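The values are calculated or read from the model by the stated rules, or taken from the named source; none is laboratory data. All values derive from a computational prediction rather than experimental measurement. Backbone-built Cβ (ideal geometry, glycine too); neighbour counts: all protein chains shown.
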Amino acid sequence: MRIETLPRLLLGLTLLAWSHQAHAQDPQWAHKMFEKLDQDFGVVPSGADLKYRLKITNKYQQQVHILSVASSCGCTAAKPLKDTLASEESTYLDITMDTRKFQFLKETALTVTFDQPIYAQVRIPVKAYINPDVVLNPGAAQFGPVPRGSDTLRRIAVAYVGRGRSTITDAVSKNPNVVVKLVEARRDAVSIHYELHVTVKGTAPLGDLRDQVTLVTDDPNNPSIPVLVEARVEPEYAISPELVSFGTLGPGERKTMNIVARGKKPFVIEKIESETTAGVFEVRLPKESKTIHVLPLTMIGPEKPGTVTEEFTVTIAGVADPVTFKVYGKVLGLAGAPPAAVQKSP
């Protein structure tokens with residue numbers, strides 16, 4: 001017993017020592033997972049919302065776990081989108097910085113602590129130069145959810161202390177789905193007040209939109225002022241669930257599932273149709289205009305066993321683009337026998 005166990009024990013200790021030695025030979029293993037090791041926001045307005053997503057990728061075979069993220073100052077915070085990463089998996093560290101309580105150069109640091117596969121810490125310096133001569137209210141063009149197909153506008157008040165020597169001359173967006181316009185509101189002895197109009201166009205693609213627009217000045221010491229733009233573009237009309245599962249049915253068996261159609265405003269459903277499963281599904285069209293329609297969809301199991309998959313198209317009155325959803329079901333043979341057994345029966 002001892003003769004067999006001892007070599008195994010020695011082998012285990014050798015592998016363990018090798019694993020720790022591999023990390024010990026590369027003390028920067030955790031640093032190498034970050035796309036960069038600092039964040040400089042540059043020159044920013046007072047009151048601006050500062051956000052940055054720092055990418056982290058697990059380049060190792062072992063699972064990586066982020067234990068915590070700490071900041072050396074209450075002005076900066078960060079949170080990972082997920083704290084456990086499998087091999088080759090990535091996440092983002094959402095970094096935010098407060099510009100309302102501080103002015104001029106502000107430097108701080110984040111410390112990201114890992115406890116798997118072994119303990120390590122990574123320090124991320126963060127800094128910004130907060131220009132007190134430019135004040136935004138609110139600090140960004142935060143849209144939240146916006147419907148695709150409709151233009152959505154946000155306004156930001158901009159106070160610029162040019163003291164008669166310089167002005168904001170233009171507002172620029174490099175994103176074709178974001179349109180900006182700068183309007184001068186009033187002037188006083190030391191400052192000029194503007195209103196910045198930011199519009200997310202109805203043609204913007206679905207999903208998260210994070211970008212920035214730029215205020216252009218004629219001050220050579222501060223020629224550009226960044227303004228954050230964030231939105232989540234959602235479909236104007238949506239079906240849930242997107243995949244309707246009927247489970248298993250027998251031939252001729254009927255099963256009904258509810259699907260829900262939602263819109264940002266009341267709408268009428270003109271038709272619901274599929275291409276290849278005529279006679280397998282039944283649905284009753286509502287006649288009234290509502291923002292939410294509950295639609296009972298019935299599946300009738302066909303005589304031939306097998307899998308039924310179909311995509312349905314929902315046509316909404318006055319809307320060019322239809323909404324789609326998918327359906328899945330499995331039809332068993334006689335007495336619940338699998339399709340293969342039914343096909344082999346005489």
* Asked: Among (1) more than 28 Å from R148 (Cα to Cα); (2) surrounded by 16 or more Cβ atoms within 10 Å (Cβ to Cβ), which single condition is R254 missing?
  -> (2)
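For (1) free of Cβ contacts under 8 Å to residues at least 24 places away in the same chain; (2) more than 30 Å from A261 (Cα to Cα), each residue gets a yes or a no:
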{"residue": "A140", "(1), (2)": "no, yes"}
{"residue": "D151", "(1), (2)": "no, no"}
{"residue": "A189", "(1), (2)": "yes, yes"}
{"residue": "I192", "(1), (2)": "no, yes"}
{"residue": "P205", "(1), (2)": "no, no"}
{"residue": "T214", "(1), (2)": "no, yes"}
* Residues of segment 207-250 satisfying the condition of being within 17 Å of the chain's Cα centre (by Cα) and of a type in the set (D, E, K, R) -> D208, R210, D211, E230, R232, E234
* So which of K330, K326, K304 ends up being under 20 Å from L249 (Cα atoms), buried (at least 17 other Cβ atoms within 10 Å of the Cβ) and touching a residue at least 24 places away in the same chain (Cβ under 8 Å)? -> K330
* To do: Considering only segment 82-125, state which residues are of a type in the set (A, V, I, L, M) and either touching a helix residue (DSSP H, G or I) at 6+ places or on another chain (Cβ under 7 Å) or farther than 30 Å from V227 by Cβ (or both).
  => L85, A86, I118, A120, V122
* To do: Identify the single condition in (1) over 34 Å from the mean Cα position of the chain (by Cα); (2) modelled with pLDDT of 85 or more that T277 does not satisfy, given that it satisfies every other one.
  => (2)
* Could you tell me which residue of segment 216-247 is surrounded by the most Cβ atoms within 10 Å (Cβ to Cβ), considering only residues that are closer than 14 Å to V178 by Cβ and of a type in the set (A, V, I, L, M)? => V227
* To do: Kindly indicate which of A189, A204 is outside any strand (DSSP E or B) and buried (at least 19 other Cβ atoms within 10 Å of the Cβ).
  => A204
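Restrict the check to segment 248-267 and report whether at least one residue is assigned to a strand (DSSP E or B) and among the acidic types (D, E). First the steps, then the outcome.
First, pick out the residues of segment 248-267 that are assigned to a strand (DSSP E or B): 248-249, 254-267.
Going one step further and asking which of them are among the acidic types (D, E), we end up with none.
No, segment 248-267 contains no residue that is assigned to a strand (DSSP E or B) and among the acidic types (D, E).
Among the residues of segment 256-314, write down those that are of a type in the set (F, W, Y) and closer than 14 Å to I239 by Cα.
Residues of segment 256-314 that are of a type in the set (F, W, Y), as a first pass: 267, 281, 312.
Result: F267, F312.
Yes/no per residue for (1) under 30 Å from G306 (Cβ atoms); (2) hydroxyl-bearing (S, T, Y); (3) in contact (Cβ under 8 Å) with a residue 24 or more places away in the chain:
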{"position": "K201", "(1), (2), (3)": "no, no, yes"}
{"position": "L209", "(1), (2), (3)": "no, no, yes"}
{"position": "N221", "(1), (2), (3)": "no, no, no"}
{"position": "L228", "(1), (2), (3)": "no, no, yes"}
{"position": "P235", "(1), (2), (3)": "no, no, yes"}
{"position": "I239", "(1), (2), (3)": "yes, no, yes"}
{"position": "G247", "(1), (2), (3)": "yes, no, yes"}
{"position": "G250", "(1), (2), (3)": "yes, no, yes"}
{"position": "R254", "(1), (2), (3)": "yes, no, yes"}
* Name every residue in segment 221-236 that is assigned to a strand (DSSP E or B), touching an Asp or Glu at 6+ places or on another chain (Cβ under 9 Å) and modelled with pLDDT under 85, in order of residue number. => none
* Restricting the first residue to segment 54-80 and requiring it to be outside the structural domain of K101 (by TED's automatic domain parsing), which pairs with a second residue that is surrounded by fewer than 19 Cβ atoms within 10 Å (Cβ to Cβ) and not in a strand (DSSP E or B) meet a Cβ separation below 6 Å and a spacing of at least six or different chains? -> none
* To do: Filter segment 275-301 for residues that are surrounded by fewer than 16 Cβ atoms within 10 Å (Cβ to Cβ), within 22 Å of D321 (Cα to Cα) and either not assigned by TED's automatic domain parsing to the domain that holds K326 or not acidic (D, E) (or both) and give the result.
  => T276, R284, L285, P286, K287, S289, K290, T291, I292, V294
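For A109, state whether it is of a type in the set (A, V, I, L, M, F, W, C), free of Cβ contacts under 8 Å to residues at least 40 places away in the same chain and assigned by TED's automatic domain parsing to the domain that holds R210.
Details: of a type in the set (A, V, I, L, M, F, W, C): yes; free of Cβ contacts under 8 Å to residues at least 40 places away in the same chain: yes; assigned by TED's automatic domain parsing to the domain that holds R210: no.
Taking the combined requirement at face value, the residue does not satisfy it.
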